[in-house]
Amino acid sequence: MNCSKGDKVSPNITIQTPLENESFQIPTLFYVKGLVTDDNLQRLEVDIISGNSSSIIQKVEVELDSSHYEFSIPLLIEDRLLSSGSYFVNVKAFDKNQNVSSKYISILLNEVPRTLESLFYVTSANDQTYIYELDSTGSLQLKKQINGNHKFSIVNSRHQYLFFATDQVGESIEVNGFTNIWDISTGPSLYPLFIDVSKTDDGDQLHLVTGDGRILSCNKNGNIINNIYSNPQERFGRFNIQENIVLIESYSSSLDRDLVVYFRESGIEKQRIEIQGEIIKIIPVNNNNFTILSHFQNDSKFSTYYQNSNQLFQEIEISNCLIYDAFNRDGEIVLTTSKGVYTYDPISKNLTLVNSNLFFSKIIFDKLNNSLNLVSVNELWNYDNLGNLNLINTITDTIRDFIPFYNK
C-alpha cells in the first residue's frame, strides 16, 4: 500500500472556526471546527497557548484511524487569573509515518473583570483579634477569632486568602469556610513577633519582617522560600521590596539606625546609610529614587534616597507632627498625620494640606475605583480622585483594618 515508509506528506489541516483574531470574554466556551486529511491519520491535538508557548488549558487529544476527519472540539476557558491579550489555538495532526502538521489561529481573550466579593472589618481587644464580614443588610457577621492583639493584615485576592499577624500568631485563612490554611511560626523573642508585611504584585510571594531580625519570603502555600538576616545585635523595621533589592531599616538602638539595601535573592548586604529617626514608610518613586518618611522626636521628615549613589537628602520637615500612614496613588503620595491629611509630590517636593480636621490611622487602596479608604477610630471614610472625603460607615468598635476582597 501507499502507507509505506516513503510517505513524507504531512497531514493537511483546515480550521474553520474560530476566526483569526476573534475575541472571547472569559469565561467562555467555543468550538474549534475544521477538517484534517491524510492517507494515514493517527492523532489530532488541539491546544491554546500563550505568547511564550505555555498551554493555558488541558490539551485535547483525539486518536484517529482514517484519511478524513471533520472535528468540532469544545474548549472551555475559565481561568480567572488569565490576562487579556493575544493567544493561539494550535491544531496539530500526526500520521502513522511520523509526519506532523501544525496550524495556529490567533484569538483575543478578555480577562475576567475584577469584582468585589466581600468587605471585612478587623477589630481587636482583650488579646483577641476579630474578623467580621459586612453582609447584604449592612450588618457585621463575626467570621473568625484569632489569639493575640492585631498587628497587621494583608489580603491576597489572587490566591484567595487573608493573612493576619497578631502579637501571638501569624495565620493564613481561606474565606469560604474561614479555616486556617497555613501559619508562620517564629522563635521566642524579646521583640514583637511581626513588624511589617508586603506581597509581590502577582501575589505569588508574601514577605514578612519578624522581630528576630529576619525577612521571610513565603510562597502561596506558606512555604518559606527565602530568608534575609539582620546583622548580629541589629533588628529590622519597615521595608520595601523591589524586583532585585530590598530596602529596610536596621537598628541596634533607638539612636543608631541605618537604611540598608540587600540583594533580594542572596540576602547579601549591598550598602547602607545612616538615618536620623525611625522610618515609617519607604515609597518607591522609580527604580532608583525612594521617598523615606520618618519620625525624629516629634517631627516628621520627608527625604529622598538615591539607591544608585547611596545618598539621602532631607526635603521637608513638619514640626510636632506624626505620620500614621502613606500611600502612593498615581505618583501622588497621600499621608495621614496627627495634623490631618496631606498630599506630597515626590518630584516637585510640594506638600499640600488637604484637611486639618480629620485624623486617620490607616489607608486602604480601593482597586476598583482607584480611591482610598481611610480609618478613623470606628469610622471608615473614602478619599476619591477629586479630593473629596466622605464618611462610608461607622461601627461600634475601633477599626484595626478594613479589607476589600476581590475575585482576583
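Here are the numbers for this structure:
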| item | result |
| --- | --- |
| Matching entry among Arg235, Arg257 (being more than 22 Å from Phe360 (Cα to Cα), without any contact (Cβ under 8 Å) to a residue 40 or more places away in the chain and either touching an Asp or Glu at 6+ places or on another chain (Cβ under 9 Å) or β-branched (Val, Ile, Thr) (or both)) | Arg257 |
| From the options Asn328, Asn308, residue that is in a strand (DSSP E or B), within 28 Å of the chain's Cα centre (by Cα) and surrounded by fewer than 17 Cβ atoms within 10 Å (Cβ to Cβ) | Asn328 |
| Boolean, Phe164 is of a type in the set (Phe, Trp, Tyr), surrounded by 18 or more Cβ atoms within 10 Å (Cβ to Cβ), at negative phi and touching an Asp or Glu at 6+ places or on another chain (Cβ under 8 Å) | yes |
| Candidates Ser10, Ser54, Ser23, filtered to the one that is touching a residue at least 40 places away in the same chain (Cβ under 8 Å), exposed (fewer than 13 other Cβ atoms within 10 Å of the Cβ), of a type outside the set (A, V, I, L, M) and on the phi < 0 side of the Ramachandran plot | Ser23 |
| Residue in the stretch 259-267 that is in a strand (DSSP E or B), surrounded by fewer than 18 Cβ atoms within 10 Å (Cβ to Cβ), of a type outside the set (Gly, Ala, Ser) and in contact with a Ser or Thr (Cβ under 6 Å, 6 or more places away or on another chain) present | no |
| Of all residues making up the stretch 39-53, the number that are modelled with pLDDT of 95 or more and not aliphatic (A, V, I, L, M) | 5 |
| Hits in the stretch 84-112 - residues which are over 21 Å from Leu35 (Cα atoms), without any contact (Cβ under 8 Å) to a residue 60 or more places away in the chain and not hydroxyl-bearing (Ser, Thr, Tyr) | Gly85 |
| Hits in the stretch 173-208 (condition: more than 26 Å from Ile283 (Cα to Cα) and polar (S, T, N, Q)) | Asn176, Thr179, Asn180, Ser185, Thr186, Ser189 |
| Tally, over the stretch 148-197, of residues that are touching a Lys or Arg at 6+ places or on another chain (Cβ under 7 Å) and under 30 Å from Asp79 (Cβ atoms) | 7 |
| Scope the stretch 331-350; condition in a strand (DSSP E or B) and buried (at least 16 other Cβ atoms within 10 Å of the Cβ); matching residues | Ile333, Val334, Leu335, Thr336, Thr337, Gly340, Val341, Tyr342, Thr343, Tyr344 |
| Criterion violated by Asp65 - all others in (1) in a loop (DSSP other than H, G, I, E, B); (2) among the acidic types (Asp, Glu); (3) modelled with pLDDT of 95 or more satisfied | (3) |
| Among (1) surrounded by fewer than 19 Cβ atoms within 10 Å (Cβ to Cβ); (2) in a loop (DSSP other than H, G, I, E, B) - the single one Asn382 does not satisfy | (2) |
| Selection within the stretch 268-292 - part of a strand (DSSP E or B), polar (S, T, N, Q) and closer than 24 Å to Glu317 by Cβ | Asn289, Thr291 |
| Residue match in the stretch 45-64 (condition: within 30 Å of Ser157 (Cα to Cα), among the hydrophobic types (A, V, I, L, M, F, W, C) and in contact with an Asp or Glu (Cβ under 9 Å, 6 or more places away or on another chain)) | yes |
| Yes/no for Leu162 being part of a strand (DSSP E or B), more than 23 Å from Leu247 (Cβ to Cβ) and among the aliphatic types (A, V, I, L, M) | yes |
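Yes/no matrix, rows are residues, columns are (1) polar (S, T, N, Q); (2) in a loop (DSSP other than H, G, I, E, B); (3) surrounded by 12 or more Cβ atoms within 10 Å (Cβ to Cβ):
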site	(1), (2), (3)
Val354	no, no, yes
Asn357	yes, yes, no
Phe365	no, no, yes
Asn390	yes, no, no
Thr398	yes, yes, yes
Lys408	no, yes, yes
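The values are calculated or read from the model by the stated rules, or taken from the named source; none is laboratory data. Keep in mind that this is a model prediction, so the values were computed, not measured. Positions of Cβ are generated from backbone atoms using ideal geometry, with glycine treated the same way; all protein chains shown enter the neighbour counts.
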